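Report on the structure given below.
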Amino acid sequence: MEPPKSKVGIYYYSLSGRTKEVCVELSRLLNCYIEEIVDLRERRGFLQFFRNGFEALFNKETQIAPLKSSVRDFDVVIVGTPIWAGKIPPAVRTFVNQNASDIRKYALVFTYGFELAKRAVSAFEKILGAPPAGIAGCTTREVDEENFSNELQNFIKMISIYI
């Protein structure tokens, strides 16, 4: 694999496709590397919905596919994630725990249904030992209506001193 040409790398997890949509657009705006965090466990379906929420609520981890690149290659790692039960999904928790020592500076892009959960931000701060360089939050409705460009532009301004 060719080495990244950007100081920024985006790693995202998306079950519904909304977080992917936001992160792909952000990658286009920043002209940076992007990679999906792949959960090896099947998470779709009615019964899985409850299990997913339970596992997020109780800070569970899961098995994820090996990454194609190293977070070490980037000055800033942007993590894109939905919020489940007010917390981060198991795949994202696993990714962050596995890569914490190699993440120098990070920023967060959340997609969520009702409200941006401070518990999710706190989880990152606890694992990574520092606050994020920036936070963007896009509601389900904003993503469905493709009305999140202002949020991304504000986010880019927040992190611009690091990129």
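Bear in mind that the values in this text are calculations on the coordinates, not laboratory data. As the structure is a prediction and not an experimental result, all values here were calculated from the model. Cβ: placed from backbone, ideal geometry, glycine included. Neighbour counts: every protein chain shown.
Magnitude of the charge dipole for the chain, about its Cα centre and with charges confined to Cβ atoms of Lys, Arg (+1) and Asp, Glu (-1), is about 420 debye. Going by neighbour counts of Cβ atoms within 10 Å, the residues F124, F110 line up, fewest first, as F110, F124. Within the chain, DSSP assigns beta bridges of which about 10% are antiparallel (rounded to the nearest 5). Less than 5 angstrom separates the built amide H of G134 from those of L108, all sequence-distant by 5 or more or on a different chain.
Residues with beta-carbon under 15 Å from that of R72, excluding R72: net charge, scoring Lys, Arg +1 and Asp, Glu -1? Around R72, the surrounding residues sum to 0.
Assuming R0 = 25 Å, can you tell me the calculated FRET efficiency for the pair R119 and I161, based on Cβ-Cβ distance, to the nearest 0.05? The formula returns an efficiency of 0.40 here. Put in line by how crowded their Cβ is, counting other Cβ atoms within 10 Å and starting with the fewest, L47, L108 read L47, L108.
When the helices of the chain are scored as -39500 (n - 2.57) per DSSP H run of n ≥ 4 and the total is divided over every residue, the value at 222 nm lands at -11500 deg cm²/dmol. At full extension, Q98 and F46 could sit 15.8 nm farther apart than now, given 0.36 nm per residue minus the alpha carbon distance. In order along the stretch 138-144, phi translates into HN-Hα couplings of 10, 6, 3, 4, 4, 5, 4 Hz, rounded to whole numbers, per the Karplus curve 6.51 cos²θ - 1.76 cosθ + 1.60 with θ = phi - 60° and x for Gly and Pro.
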